[in-house]
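To keep things clear, I will list the structure first and then write my remarks on it.
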Amino acid sequence: MSTLNDIKYYASQSKITSTLVVINILCFFVFRLLDSRGFSTLYENHFLIDWGADVAGLTFSGQYWRMFTNLFMHVGFTHLAMNMLALWSIGPILEKRIPAIAFLGIYLFSGLVGSLSSDIATINQNIISCGASGAILGIITALLAYCLVFKANIQEMPVKVMLISLILTAGLGLLPSIDNMAHIGGACAGFVLGGLISLCIKTFKYPSKLTLLIISLLFIVTALGLYIVYMHYALPSDYYIYN
């Protein structure tokens, strides 16, 4: 009973992280309950694509939403478990240090940059990409950037937790069907966004309205950059035919 209470308390102190974990778990099981192909290795690829996995040919042919939906798709239970353990261990540490909108923005935009990086790298290949790894690595590197900006002592930095999360997330690159370009893109995006947001918080203090305004503008600029890059690689809508 005490363990359940501990989990409830922990979840209440990290509402965004807990919500993201629950959403990912629900997507994994609900999609498979609605579509039995998710339990079959023979039809798994069709299942993943039909439910939102990222395939560069499809994504650049107008199905841009796949860059987002693939963040909530996982190849198997091991893939899901390792990602959620990494998110659960590192997310709350950063979440309590920065504004909620900043934390959620870093997670989503790191994932989107990771997806776009993956699509660019595999634009001429038939590779299925999915998972929250890029977004989670963005959270990890954002925390690293935060620690560097605020010059945290090495004793104060959650080094062990960060290393465990990195091993759990980046280690997935050793599994088949895992695209490492999404990891690299997400990690780079998280570090840059985390660093800029940390500098903003340090300079203008939080919770000032100016801090929130600058963070919002930063995400708008990031979204605009994603749109420009996507349009640069966009293909005709009938370029990729999926059966």
Notebook entry, point to check: Shape of the range 43-147 from its Cα gyration tensor (a ≥ b ≥ c, root eigenvalues): rounded if a/c is under 1.5, otherwise prolate when a/b > b/c, or oblate?
Noted result: prolate
Margin query: Taking the solvent-accessible surface of protein heavy atoms with a 1.4 Å probe, what is the per residue accessible area of the range 33-142 in Å²?
Written below: 36
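Using a probe of 1.4 angstrom, how much of the accessible area of the range 28-74 is carbon and sulfur, in percent?
On the way: 1440 of 2170 Å².
Reported share for carbon and sulfur atoms: 66 percent.
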Checklist line | Part-to-part distance (alpha-carbon centres) for the range 80-120 and the range 213-239, which is given in Å | finding: 19
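What does the C-alpha gyration tensor say about the overall shape of the range 10-52? Classify as rounded when a/c is under 1.5, otherwise prolate if a/b is larger than b/c, or oblate.
On the way: a/c = 4.00, a/b = 3.21, b/c = 1.25.
In terms of gyration-tensor shape, prolate.
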Notebook entry, point to check: Distance in nm between label sites at LYS209 and PHE29, each 7 Å beyond Cα in the beta-carbon direction?
Noted result: 4.4
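The values are calculated or read from the model by the stated rules, or taken from the named source; none is laboratory data. Since the structure is predicted, the reported quantities are computational estimates derived from the model, not experimental observations. Please note: Cβ atoms are built from the backbone with ideal geometry, for glycine as well, and neighbour counts cover all protein chains shown. We work out accessible area using only protein heavy atoms, side chains counted, and drop any ligands, DNA or RNA first. Shrake-Rupley method; radii C 1.70, N 1.55, O 1.52, S 1.80 Å.
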